[in-house]
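Right, one structure below, let's go through it.
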Amino acid sequence: MAHASAANPQPSRRRRCLVSGGAGFIGAHLVRHLLARGDHVTVVDNLSTGRRINLPEFHEQLRFIEADLSHALGAFGKGETFDELYHLAAAVGVSLIIADPISSIETNVSQTSALLRFAAERGPGGAPAPTLIASSSEVYGKSTAIPFREDDDVVYGPTTKSRWSYAMSKALDEHLALAYGQQRGLPIVVARFFNTVGPGQVGEHGMVLPRFVERALAHAPIEVYGDGSQSRCFCDVRDVAAILPTLMASPAARGRVFNVGSDRVLTIAELAHAVIRITASKSRVAMIRYSDAYAAGFEDLLRRKPDLTRVRETVGFEPSITLEQTIADVASWISGGKGSPIDWRAVSHPETKR
């Protein structure tokens, strides 16, 4: 795998990077990666789902701004420019989307619009700043074309089902980002994440792996929604975070959309049993109807698998951390206390451990 440390040698001057949502799960891992390569990183996060404790308490190359993204961007002086912008601020988690669809839609669309307007003129010398937009496999909606390819048609449920509002808002983000690339010359890359998991992820908003691990560590029943036959592909956040700067640096990635994840498939029931096995838990699996977990008429996808041909051919991406290792690391992090800072030495990518 061509990681950023190899593809992006240390420049003569320190890069200035802006990461929106940088206190979130994926964002914090990306920030650590950027700091490790010597960048100066500005993080903007309103901490609605992110956690300040995810970031170093003090780092001379890190600036943290707690604010809504649009407000923070408006407060930057005219001379404030960035070499790279990573937009990860978004409403995340099925539970959150269903509970607060208005905020979720407005956050995803309006914040992305504000970021793109800013990026169009805040690169070095006032040029457009290279920008990566984090998107989601949810964009594919109810498509039955497996595996999902970036140029496939997308299929959504009716607007009366709030379940699809997240997918539609992220699709609109992609349309807007690609339009900025075409009309304003913005160097844009879109990354569609597929079930990113790992240390630092919490289960409060419906994230399946930390929810399963927490229950397993407590030897409590692990609740699987539906019949458990729905299948997913899980990729470790350390692999995901490491490839994003590489995508940003690749001229061949500009103006394109990339699936980013693993293509190893397993059912949610299989995931639950893997968690029980790896944590040596006495938990049992309990099937819960979707109507009891969410609401009547909830729709879920039976299968979700990415085609990784494009990202492999463009930047040589191959996930290197097994799901079994990820589960063990998540269990170790949760056992150590989720309220504690992440021990980055313990959870760093195998190729960056010292």
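With the structure loaded, tell me whether Ser169 is touching a residue at least 60 places away in the same chain (Cβ under 8 Å), under 15 Å from Ile268 (Cα atoms) and either in contact with a helix residue (DSSP H, G or I) (Cβ under 6 Å, 6 or more places away or on another chain) or small (Gly, Ala, Ser) (or both) or whether it fails that test. Taking the combined requirement at face value, the residue does not satisfy it.
Being in contact with a Ser or Thr (Cβ under 8 Å, 6 or more places away or on another chain) and under 21 Å from Val139 (Cα atoms) is the requirement here; does Asp236 meet it? Spelling it out, Asp236 is indeed in contact with a Ser or Thr (Cβ under 8 Å, 6 or more places away or on another chain) and under 21 Å from Val139 (Cα atoms).
Restricting to the stretch 251-280, and then to whatever is polar (S, T, N, Q) and over 20 Å from the mean Cα position of the chain (by Cα), can you tell me which residue is nearest to Gly185 (Cα to Cα)? Show your work before the answer.
Step one: filter the stretch 251-280 for residues polar (S, T, N, Q), giving 259, 262, 267, 279.
With the extra rule that they be over 20 Å from the mean Cα position of the chain (by Cα), the set shrinks to 267, 279.
Numbers: Thr267: 42, Thr279: 50 Å.
Selected residue: Thr267.
Within the stretch 65-79, residues that are under 13 Å from Asn46 (Cβ atoms) reach partners that are of a type in the set (Asp, Glu) with beta carbons closer than 9 Å, at six or more positions or on different chains, in the pairs Ile65/Asp45; Glu66/Asp45; Ala67/Asp45; Leu69/Asp45; Ala72/Glu66.
Only one of Thr112, Thr107 is of a type in the set (S, T, N, Q), assigned to a helix (DSSP H, G or I) and either in contact with a His (Cβ under 8 Å, 6 or more places away or on another chain) or more than 25 Å from Val189 (Cα to Cα) (or both). Can you tell me which? Full working, then the answer.
On the way: Thr107 fails: either in contact with a His (Cβ under 8 Å, 6 or more places away or on another chain) or more than 25 Å from Val189 (Cα to Cα) (or both).
Testing whether each residue is of a type in the set (S, T, N, Q), assigned to a helix (DSSP H, G or I) and either in contact with a His (Cβ under 8 Å, 6 or more places away or on another chain) or more than 25 Å from Val189 (Cα to Cα) (or both) leaves just Thr112.
Among the residues of the stretch 65-109, which ones are closer than 15 Å to Ala167 by Cα, small (Gly, Ala, Ser) and surrounded by fewer than 20 Cβ atoms within 10 Å (Cβ to Cβ)? Within the stretch 65-109, Gly93, Ser95, Ser103 meet the criteria. Of the residues making up the stretch 116-145, those that are buried (at least 17 other Cβ atoms within 10 Å of the Cβ), part of a loop (DSSP other than H, G, I, E, B) and in contact with an Asp or Glu (Cβ under 9 Å, 6 or more places away or on another chain) are Arg122, Gly123, Pro128, Ala129, Pro130, Ser143.
For the stretch 178-195, the set of residues classified as surrounded by fewer than 16 Cβ atoms within 10 Å (Cβ to Cβ) and either small (Gly, Ala, Ser) or within 19 Å of the chain's Cα centre (by Cα) (or both) consists of Ala179, Gly185, listed by residue number. Of everything listed in (1) part of a loop (DSSP other than H, G, I, E, B); (2) closer than 13 Å to Asp83 by Cβ; (3) touching a residue at least 60 places away in the same chain (Cβ under 8 Å), the single unmet condition for Gly38 is (3). On the stretch given as the stretch 49-63, residues that are touching a Ser or Thr at 6+ places or on another chain (Cβ under 8 Å) and of a type outside the set (A, V, I, L, M) total 1.
Out of everything in the stretch 182-204 that is part of a strand (DSSP E or B) and not hydrophobic (A, V, I, L, M, F, W, C), what residue ends up being nearest to Arg149 (Cα to Cα)?
Taking the stretch 182-204 first, the residues part of a strand (DSSP E or B) are 188-193, 196-197.
Restricting the remaining residues to those that are not hydrophobic (A, V, I, L, M, F, W, C) gives 192, 196.
Details: Arg192: 11, Thr196: 18 Å.
Only one residue fits best here, namely Arg192.
On the stretch given as the stretch 196-231, residues that are in contact with a strand residue (DSSP E or B) (Cβ under 6 Å, 6 or more places away or on another chain), surrounded by fewer than 19 Cβ atoms within 10 Å (Cβ to Cβ) and at pLDDT 95 or above total 1.
Scan the stretch 205-252 residue by residue and report those that are under 23 Å from His33 (Cβ atoms), among the polar types (S, T, N, Q) and either in a strand (DSSP E or B) or without any contact (Cβ under 8 Å) to a residue 60 or more places away in the chain (or both). Correct list: empty. Scan the stretch 1-31 for residues that are assigned to a loop (DSSP other than H, G, I, E, B), small (Gly, Ala, Ser) and at pLDDT below 85 and the total you get is 2.
Within the stretch 253-284, being part of a helix (DSSP H, G or I) and over 22 Å from Ser137 (Cβ atoms) holds for His273, Ile276, Arg277, Ile278.
Take the conditions under 17 Å from Glu223 (Cα atoms), in contact with a helix residue (DSSP H, G or I) (Cβ under 6 Å, 6 or more places away or on another chain) and at pLDDT 95 or above and apply them to Ala253. Does it pass? No. Which of the residues belonging to the stretch 52-64 are assigned to a helix (DSSP H, G or I) and either surrounded by 17 or more Cβ atoms within 10 Å (Cβ to Cβ) or touching a residue at least 40 places away in the same chain (Cβ under 8 Å) (or both)? Ile53, Asn54 - these are the residues of the stretch 52-64 that are assigned to a helix (DSSP H, G or I) and either surrounded by 17 or more Cβ atoms within 10 Å (Cβ to Cβ) or touching a residue at least 40 places away in the same chain (Cβ under 8 Å) (or both). Looking only at the stretch 150-177, which residues are farther than 30 Å from Asn54 by Cβ and crowded, with 17+ Cβ neighbours inside 10 Å? Listed by number, the list holds a single entry, Tyr156.
The values are calculated or read from the model by the stated rules, or taken from the named source; none is laboratory data. Fair warning: this is a prediction, and the values are worked out from it, not measured in the lab. Counting neighbours? That spans all protein chains shown, and the Cβs are built from the backbone with ideal geometry, glycine included.
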